[in-house]
1. Looking only at region 45-65, count every residue that is of a type outside the set (Val, Ile, Thr) and within 15 Å of the chain's Cα centre (by Cα) and tell me the total.
2. The conditions are (1) at pLDDT below 95; (2) more than 16 Å from TYR147 (Cβ to Cβ), and LEU89 fails exactly one of them. Which is it?
3. Of the residues THR87, THR96, THR128, which is open to solvent by 10 Å² or more (accessible area, probe 1.4 Å) and part of a strand (DSSP E or B)?
4. Say whether the condition of being outside any loop (DSSP other than H, G, I, E, B) and aliphatic (A, V, I, L, M) is met by at least one residue in region 76-84.
5. When you look at ALA164, is it modelled with pLDDT under 60, more than 25 Å from ARG18 (Cα to Cα) and crowded, with 22+ Cβ neighbours inside 10 Å, yes or no?
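The values are calculated or read from the model by the stated rules, or taken from the named source; none is laboratory data. Here the structure is a predicted model, which means the values were calculated and not measured. With ideal geometry, Cβ positions are generated from the backbone for all residues, glycine too; neighbour counts draw on all protein chains shown. Note: areas computed on protein heavy atoms with side chains; ligands, DNA, RNA excluded. Shrake-Rupley method; radii C 1.70, N 1.55, O 1.52, S 1.80 Å.
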Amino acid sequence: MATSGLIGSGLIGSTLARLAVPFKAYHSLPREPLAGKTVIDAGNYAAQRDGRVEALDNGSTTTSELLQHHLGESAHVVRAFNNIHHTHLALLNRPTGAEDRSALPIAGDDAEAKRHATELLDTLGHDTDDAGPLAQNRLFAPGTPAYGAPHTELPSGSLTSLAAGPASAELLSPTPGPAPAAEIRALPAKASIARNRP
């Protein structure tokens, strides 16, 4: 969902950096400029573009965990912005407390870094759903109910039906639609339950 190419990376401030690069490029990212920063990871793994990565395909790790390992302990990776189309970020922003304000999931291992991400999301007009540690970013990765579709105009009841599995192509409408916090926050948990069923 995020923009691709190294041009998609950028410094937001003295403590924040946003990355939106093709997954296959993560190991070429410089470590030193990102040391001590909260690194917002908005990239997604696409095997047809990035090549197959067995550890991702078998679920033993996640893209953001691999990025964290590459950058080292001095950087603090937070997964965010990867599950919403970049054009919808500005179209769906709402004032704090608005009934139709959307929530975006985040995941990370550092509480202060997640606070930075939450403040950034609030500034941009979105609530935050803290999905937990960095490994939980798998709950809103491509192919999950929380990826893409919740932030588009969907037929009535579609968010509930998405809990059973990935969105079908016809549900991925290009028209933005708000994802109420109570509903978006339920999708990662339901995806986890569905993934763990025999």
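1. Of the residues in that region, 4 qualify.
2. In the conditions (1) at pLDDT below 95; (2) more than 16 Å from TYR147 (Cβ to Cβ), LEU89 misses (2) alone.
3. One residue alone meets the criteria, THR128.
4. Yes, the conditions are met somewhere in region 76-84.
5. no
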